[in-house]
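Visitor: The structure follows.
Derivation of every value follows stated rules applied to the coordinates shown; laboratory data play no part. Source: prediction; values computed, not measured. Using ideal geometry, Cβ is built from the backbone for each residue, glycine included, and neighbour counts are taken over all protein chains shown.
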Amino acid sequence: MDAVRIGLQALLVLGGLFLTLLILLHKGKGGGLSDMFGGGMSTSLGGSSVAERNLDRITIAVAVVWFVCIVGLGVLDRFAS
C-alpha cells in the first residue's frame, strides 16, 4: 500500500505542476486582470485553432488524472487500517 500511496502522491505533485503550466499557456479571454496588464490587446479571429483545442484537451486530461489521484488518496486513507 505504501508504494501505491507514494506513486499517487508523486503523480499528484507532477500533475499539479503540469496543470499549472498548461493553464498559464492558455490565451486570455479578455475581461478582468488580463485586460489590465495588456492581455486584451490581441484580436480574436472568432474560432479556436487546432493548437488551442489540443491544449484544452490535454489540460482536461491532466485535470482528470489529478482529480483521480486525489480521490485515490482519499480512498486509501479511508480504508487503510
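Visitor: Obtain the nm distance between the two label points defined at Leu76 and Ala3 by a simple spin-label model: each point lies 7 Å from its Cα along the Cα-to-C-beta direction.
Guide: For the pair Leu76/Ala3, the computed spacing is 1.2 nm.
Visitor: Using θ = phi - 60° and the Karplus form 6.51 cos²θ - 1.76 cosθ + 1.60, what ³J(HN,Hα) does each residue of the stretch 3-8 get, whole Hz, x for Gly and Pro?
Guide: Taking θ as phi minus 60°, the curve returns 5, 5, 5, 5, x, 5 Hz for the stretch 3-8.
Visitor: Let me ask you something else. Between Ile60 and Ile23, how many nm apart are label points set 7 Å from Cα along the C-beta direction?
Guide: For the pair Ile60/Ile23, the computed spacing is 1.8 nm.
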